Structures are given as structure tokens and as C-alpha cells.
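Accompanying notes for the structure given below.
The values are calculated or read from the model by the stated rules, or taken from the named source; none is laboratory data. Model, not experiment: these values are computed from the prediction. No Cβ is skipped: glycine too gets one built from the backbone with ideal geometry, and neighbour counts run over all protein chains shown.
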Amino acid sequence: MIELKDLSRRFQVGEQLVKALDAVDLAIGDGEYVSIMGPSGSGKSTLLNIIGLLDRPTSGEYLLDGRGTTSLDDDELAHVRARKIGFIFQSFHLVPRLTAFENVELPMVLAGTAPAERRRRADAMLASLNLTDRAEHRPDQLSGGQRQRVAIARAMVMEPTVLLADEPTGNLDHVSGADVLAALEGLNSRGITLLVVTHDDEVAARARRHVRMRDGRIVADGSSPGQPP
Amino acid sequence: MRFGDLLHLATESLVRARLRSIMMRLAMAIGVAAVVVLTSLGEGARRYVTGEFQALGTELLIVLPGRSETTGVQPGMFAGETPRDLTLDDARSLLRIPGVARIAPLVIGSVPVAAGELTREVPVVGSNSDFLAVRNLSMAQGSFLPPGELDRDLAVCVLGSKVRSELFPRGPAVGATVRIGDRRFRVIGVLADTGRAIGFDLQELVIIPVSSAQQLFNTQSLFRIMIQATSREAMPRVREAVRAMLKERHQGEEDVTVITQDAVLATFNRIFTALTLTLAGIASISLAVAGILIMNVMLVAVSQRTAEVGLMKALGARGRQITAIFLTEAVLLSIVGALGGLVIGFVADAIVSRFYPTLPLGPPPWAVVLAVLIAVASGVVFGLLPARRAARLDPVVALAGRR
Ligand SMILES: Nc1ncnc2c1ncn2[C@@H]1O[C@H](COP(=O)(O)OP(=O)(O)OP(=O)(O)O)[C@@H](O)[C@H]1O
Ligand SMILES: [Mg+2]
């Protein structure tokens, strides 16, 4: 359960005060599938970063599963991030030196999970995304779609409750974009809360709930019953 | 995060970032190698000199004319300049002191030595039969000066091996006659080449009986008296007795200096240890320079990898873990560099040893330990700033690649 209350995020850029988020109120229930659209600079990424606890609001409140997050210190935020949040980025952000397997393993390495357990979970994760035969490849040996699926595997391996995808198909062609979306939706159908930021109407249309932003505000928020899953 | 995983992550990025880490390792390696090689030289020189002195025998006392305040080697080079001379009678009297095993009086001068057509200007030493034992020498051919009264003026001589080969390039020397100054001496022996060279070069001199030398140089005084004690333990007693004896013989005037081999050895040890420390200090500066290079390279690494740091944070890494990752990299780099430096240093030692086999090269253990410790410590110290900077990166900015 994600609850944003009168939440603002402002950046001071020189003389100018940029309101990236301006008094946003938003509640997203467990297992929802939400698309976020809006022109460039409207605050979509900022919103995702705050929900993902990578960034802190300037004012307002953010409750995750009923708990306030504004008073948590950096280590506590890191802990919550590790266990509840998965990120997917437009540019994949795989560690280029590490193999697909090692990239998937990374969150568990940081969490101190035992190696045997790590192998089991990473293997299972890669298998569920049809990447088993790519496990020992490095990112530069993978296609864009494969890279993004590795990133999904990595985001999912800690079994988070919320998956935040910032333009996950932005760098992909139509076919691999569809693959990636299918993978994300598969996870959503198993109960994960899925937030997808996108510029693509087609992608956005697949979600059950559509949020539209402009100038740091939510200007439309509606569900679309009867859409394909 | 587990320690094994930390090491794995660090090595992974070191292996992948070849040039950067090679440069760093090289700098560290050169620093460590410098410490190893320079301290080896200092230590080698110390061992060499110590070895030379020990070969002379540690039960040795040397009496020289003139009062010297220091205990170092103070060659009062020419006898006769000092208030009162040491005489053969002085030397003889020392034999009565308990604990004295042998004495060898010494007169030294330089005169032309000729055999047939060949003439060489070499140091001529006047001494007695005990000189052989006192100086730990051995004979290559013939015999040494015969034992007997100190004032027996015999026209016999013993040649150093180099003098022999110069004066008698062909044919045997023993039994031949040489002219030393204006007198003729029969060659009765040739010294063996000991390879030792402290004091005077023993291969480059001619030894004749002490009273013959006194006549040759027209002097009554001695250059030195060498005393061999019966044991090391007897040395302090003998030293005091020698002083007292000579003071009494010189009308209560304390006008001689008695030095012991031990004291000389200790002095040399101090000098060379100081030298080694100085060299180690100088070499350590290059380690510090290497440390600064590490900092530079790690800073570059951090800025090249901001996106990665942001990602790690997005995956739930704490600031401390990021610090640990970069710090481990820096320390690993310096350890690998230090080990490489040890290899380079020891190889360099081995090469130098091939050219100077007499020099017992080899760094003192403390220098090796110190070099590696400093290398690792500088990895920590200079890796800390970049690692902290990485940990403080704002994940959002880092992920966006905006800096
Ligand atoms: N770290 C920052 N410092 C200063 N200004 C920022 C920072 N991050 C975002 N902004 C500003 O906040 C506003 C919202 O940015 P944000 O990245 O959330 O937009 P976006 O909707 O994701 O745009 P896009 O579709 O181009 O990704 C922009 O005006 C941006 O310039
Ligand atoms: Mg954005």
C-alpha cells in the first residue's frame, strides 16, 4: 500500500525553484497495475524515485504499508528498499563487468544471503524469464530485451512487493518491448504492485489504472475496466 | 554483505579495469621494490662489513698510540706524531697480562720492492709470527715468519698473493730474493687469497719481521699492537690491564688508545643500520606517492562508476557497503602491487648479487614487513576519500548520470 499525502519535491536550481512534484495526493493499493504518463519534465521520474525511497520529499508524507518513511535514516531506507522495492530503468543499469547471473545475484549479495540460497533463487528467476542459457553472458553479449529481462530478474529476486519501472521499454523495439511488458504483467498477475512510467500510449493502455501528470501535479487518475490484462 | 562476496566484487572490477589498476599496481610495486632494494643494499653493506670484522676475530684488541676520545677507528696514521711512541718493549710487556693469547706488533711503511727488473711500490708491514693467527690468515705457499724474539732482525719476507704475481709473473717466488728498500730479503712464503679486504689489502703487501721493518724505516715506534685475548669474556679485563700496563710504562701518562673489535663492530652496525633506515625512509616516500596515485585513480573510478553506485543504492546497498566495496578495491590493488614489488625487489637483488657475489644482499625482514604494511595502509588511507565520496553520492543523481 502506497500513500502520498500532500507531497512536494522542489529543487533549487540556481535562483530558480523547480517544483518537480507539487502537492501530490496518491494512493495505490497492493497488486495494482498503474501507468504514469505526462510530458517530459512533468515529474514522473521524481515521483517514482520518491516511491522507491531513492529520494525524499521536500514536504508532505509518504506511507508505505502504513508506515511513515520520512523519519527513516539512510540505512533504514536502504533496508526497506532492498526488501520491498524493485526498480527497472530505461537504460537497464546492469553492471557491465558482471554476468547476467551475477547481476541477478547482486541484491542478495548486498543483503548477505548465503551462496547456495542465492544460486537457487537466481537460477529460478532467470529460468522464469527464459534466460537460463544466457546466465553466464555479460550485458554486452545480450540484446536489449534480454538485458531488460535480466534487470527484471534482478529487481524481482528479493521478492519485493512493489515494482517500479521507469520507461522500461523506452530503449527497446516493439517485439522485445512486448516481451518485457509480458514479463512485468506476469509478475503483476501474481500480486506485485506494478508502476510503469511511459511515453507510449499503447504501453500505458495495458495498465488498469492511468495516472497523468503535468508540471508536478496529477491531472488525471482513472481506471479503465475492460482493458486487456 | 559477506566478506568473500566483497572480495569477489572488488577483484571483478579490478580485472575489468586493466589499465587503471595496472598503473596503480605498478606505482605501488615500484615503491615496495625500492624499499626492498635500497634496504638490501644498506643491510648488505652492514652484513659485509660485519662479516669482514668477524673474520678478523672478535677477540681482537688494538692498541694505537695517542689518546683518542672516540672509540671508532682512528688511524693515527704516522707513528711519531704522538707524544710517546709504542715500542717493542711495550709490546713484549703485554704478553705478561693474563688473558692475552697472542700479540702482533705492527710497523708499516711504503717502499719500493724489487725482484730482478720488476719494481713495485707496496706497503711493507713489519710484524711477528703471531700476525698470521691474529689476522686469521693462511698460507698459499711456504711458511710465515718464524717464531722467535721480537728484536731478531731476519732478512726474510712473506708476499701477498697479488705482489707475488706481479713480481714473479713466471716461476716460483718462494726461495727467491727481493730487494726491499736497500736491503735484500729471502721470500719464505706467499699468503693465501682470503678475499677479505678490511684494513689494508692483504694481497697487496709484503710482510717482514718487525725489527727488520724498524731498521728499514729507521724508527723505534710501532704503528699498532694487535692483541688476541683468550676469550671474548676476557676482553674487558684485558683491555683494562693493557691500559694500566701501558700507563705505568709511560710514566703515568695515558697516551694510548685501546679499541676492541666489538666496539668497532658496534659502531659500524650503528652506522649501517642508520644508513638502511635512511634508505628505507627515502623509499617510503615513493610509497606515499604511490598512495596519492591510488587516490587519484580511485577518484576517477568513482566518477566513472557513479551510475553503478546509484544502482547499488537502488538495490538496497547501504553507504557503508559502498565504502567497503571501493576500499576493498583500493586495498587489493595495493596488496597486489606490494607483492609485485616484492618480486621485483628480490629479482633485482638476485641480479645485483650475480654481479657482486661478495655482497650478502637481502633486505632485513622488518623492511619487507614495513613496506607491505605501508603499501596496504596507503591503500586504506588514500582509498578512503574516494570510497566515502562514492558512498555519499545521491542515488537519484547518480542513476541519472547527472553529476
Ligand atoms: N536533481 C535534480 N536537480 C534539479 N532539478 C531536477 C532534478 N531532478 C529533476 N529535476 C527537475 O524536476 C522536474 C521533473 O523531472 P523528472 O525527471 O521527474 O521529469 P520526467 O517527468 O521524468 O521527465 P522525462 O519524461 O523527460 O523523464 C524537471 O523540471 C527536472 O528538471
Ligand atoms: Mg523521467
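Could you check how many residues of region B:124-150 are under 15 Å from B:P209 (Cα atoms), of a type in the set (S, T, N, Q) and outside any loop (DSSP other than H, G, I, E, B)?
1
Return the total of residues in region A:5-21 being more than 16 Å from ligand 2 (Cβ to nearest atom) and assigned to a strand (DSSP E or B).
If we filter region A:5-21 for residues that are more than 16 Å from ligand 2 (Cβ to nearest atom), which is where we start, we get A:5-8, A:10, A:12-17.
Filter once more, so that each one left must be assigned to a strand (DSSP E or B): A:5-8, A:10, A:12-13, A:16-17.
Matching residues across region A:5-21 total 9.
Do we find that A:E61 is more than 14 Å from chain B (Cβ to nearest Cβ) and among the acidic types (D, E) in this structure? Break it down into steps so the answer makes sense when it comes.
On the way: more than 14 Å from chain B (Cβ to nearest Cβ): yes; among the acidic types (D, E): yes.
Criteria met by A:E61.
Say whether the condition of being assigned by TED's automatic domain parsing to the domain that holds B:V368, of a type in the set (D, E, K, R) and assigned to a helix (DSSP H, G or I) is met by at least one residue in region B:291-312. Explain how you work it out, then say what you get.
Step one: of region B:291-312, the residues assigned by TED's automatic domain parsing to the domain that holds B:V368 are B:291-312.
Going one step further and asking which of them are of a type in the set (D, E, K, R), we end up with B:305, B:308.
Next, from what is left, pick out any that are assigned to a helix (DSSP H, G or I): B:308.
Within region B:291-312, one or more residues are assigned by TED's automatic domain parsing to the domain that holds B:V368, of a type in the set (D, E, K, R) and assigned to a helix (DSSP H, G or I).
Give the residue that is nearest to the chain's Cα centre (by Cα), with candidates limited to residues of region A:59-96 that are of a type in the set (S, T, N, Q) and surrounded by fewer than 16 Cβ atoms within 10 Å (Cβ to Cβ).
Our first condition is that a residue be of a type in the set (S, T, N, Q); within region A:59-96, this holds for A:59, A:69-71, A:90-91.
Right, trim to surrounded by fewer than 16 Cβ atoms within 10 Å (Cβ to Cβ) and you get A:59, A:70-71.
Numbers: A:S59: 22, A:T70: 20, A:S71: 23 Å.
For region A:59-96, the residue satisfying everything is A:T70.
Given A:G145, A:G112, which one is at negative phi and of a type in the set (G, A, S)?
So the residue among A:G145, A:G112 that is at negative phi and of a type in the set (G, A, S) is A:G145.
Quick check on B:R318: is it in contact (Cβ under 8 Å) with a residue 40 or more places away in the chain and within 14 Å of chain A (Cβ to nearest Cβ)? Break it down stepwise before answering.
Values: in contact (Cβ under 8 Å) with a residue 40 or more places away in the chain: no; within 14 Å of chain A (Cβ to nearest Cβ): yes.
Judged against the criteria, B:R318 is not a match.
Of the residues A:V211, A:V180, which single one is buried (at least 20 other Cβ atoms within 10 Å of the Cβ) and more than 16 Å from ligand 2 (Cβ to nearest atom)?
Of the residues listed, the single one that is buried (at least 20 other Cβ atoms within 10 Å of the Cβ) and more than 16 Å from ligand 2 (Cβ to nearest atom) is A:V180.
Given B:R179, B:R184, B:R170, B:R102, which one is free of Cβ contacts under 8 Å to residues at least 60 places away in the same chain and not in a loop (DSSP other than H, G, I, E, B)?
Answer to the check: B:R184.
Test B:S378 against the criterion of being touching a Leu at 6+ places or on another chain (Cβ under 9 Å), more than 28 Å from A:M108 (Cα to Cα) and without any contact (Cβ under 8 Å) to a residue 12 or more places away in the chain, and give yes or no.
No.
What's the number of the condition A:D200 fails, among (1) surrounded by 20 or more Cβ atoms within 10 Å (Cβ to Cβ); (2) within 16 Å of ligand 2 (Cβ to nearest atom)?
Only one criterion in (1) surrounded by 20 or more Cβ atoms within 10 Å (Cβ to Cβ); (2) within 16 Å of ligand 2 (Cβ to nearest atom) is unmet by A:D200, namely (1).
Which ones in region B:16-31 are touching a helix residue (DSSP H, G or I) at 6+ places or on another chain (Cβ under 8 Å) and within 16 Å of A:T99 (Cα to Cα)?
Result: B:A17, single match.
Could you list, in sequence order, all residues of region A:86-103 that are more than 8 Å from chain B (Cβ to nearest Cβ) and within 18 Å of A:L163 (Cβ to Cβ)?
If the condition is that a residue be more than 8 Å from chain B (Cβ to nearest Cβ) and within 18 Å of A:L163 (Cβ to Cβ), then A:G86, A:I88, A:Q90, A:S91, A:F92, A:L94, A:N103 are the ones that fit.
Only one of (1) out of contact with any strand residue (DSSP E or B) (no Cβ under 6 Å at 6 or more places or on another chain); (2) surrounded by fewer than 20 Cβ atoms within 10 Å (Cβ to Cβ) fails for B:T230. Which number is that?
Condition not satisfied by B:T230: (1).
I'd like the full set of residues that are away from ligand 2 (no atom under 11 Å from the Cβ) and closer than 18 Å to B:K313 by Cβ, limited to region A:31-62.
Selection gives A:I50, A:I51, A:G52, A:L53, A:L54, A:D55, A:R56, A:P57, A:Y62.
Could you check A:L4 against (1) away from chain B (no Cβ under 14 Å); (2) within 10 Å of ligand 1 (Cβ to nearest atom); (3) touching a Phe, Trp or Tyr at 6+ places or on another chain (Cβ under 6 Å) and say which number it fails?
Only one criterion is unmet by A:L4, namely (2).
If I ask for residues that are of a type in the set (K, R) and under 26 Å from B:R239 (Cβ atoms), which ones from region B:40-64 would you list?
Kept after step one, since they are of a type in the set (K, R), are these residues of region B:40-64: B:46-47.
B:R46, the sole residue that qualifies.
Considering only region A:64-84, how many residues are facing chain B (nearest Cβ under 10 Å), in contact (Cβ under 8 Å) with a residue 40 or more places away in the chain and out of contact with any helix residue (DSSP H, G or I) (no Cβ under 7 Å at 6 or more places or on another chain)?
Total meeting the criteria: 2.
Residue-wise test of (1) over 30 Å from A:L77 (Cβ atoms); (2) part of a helix (DSSP H, G or I); (3) out of contact with any Leu (no Cβ under 9 Å at 6 or more places or on another chain).
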{"residue": "B:L332", "(1), (2), (3)": "no, yes, no"}
{"residue": "B:S353", "(1), (2), (3)": "yes, yes, no"}
{"residue": "B:P363", "(1), (2), (3)": "yes, no, no"}
{"residue": "B:V372", "(1), (2), (3)": "yes, yes, no"}
{"residue": "B:V397", "(1), (2), (3)": "no, yes, yes"}
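For region A:165-184, what are the residues that are without any contact (Cβ under 8 Å) to a residue 60 or more places away in the chain and either within 16 Å of ligand 1 (Cβ to nearest atom) or more than 16 Å from the chain's Cα centre (by Cα) (or both)?
A:T169, A:L172, A:D173, A:H174, A:V175, A:S176, A:A178, A:D179
Regarding A:S223, is this residue closer than 27 Å to A:V24 by Cα and free of Cβ contacts under 8 Å to residues at least 40 places away in the same chain?
Answer is yes for this residue.
Please state which one of A:A127, A:A114 is aliphatic (A, V, I, L, M), within 14 Å of another protein chain (Cβ to nearest Cβ) and without any contact (Cβ under 8 Å) to a residue 12 or more places away in the chain. Steps first, please.
On the way: A:A127 fails: within 14 Å of another protein chain (Cβ to nearest Cβ).
The unique qualifying residue is A:A114.
Take region A:23-58 and flag every residue that is within 13 Å of ligand 1 (Cβ to nearest atom), more than 14 Å from chain B (Cβ to nearest Cβ) and loosely packed, with under 15 Cβ neighbours inside 10 Å.
Selection gives A:P39 alone.
Within region B:104-155, track down each residue that is of a type in the set (K, R) and closer than 24 Å to B:S93 by Cα.
B:R135, B:R152
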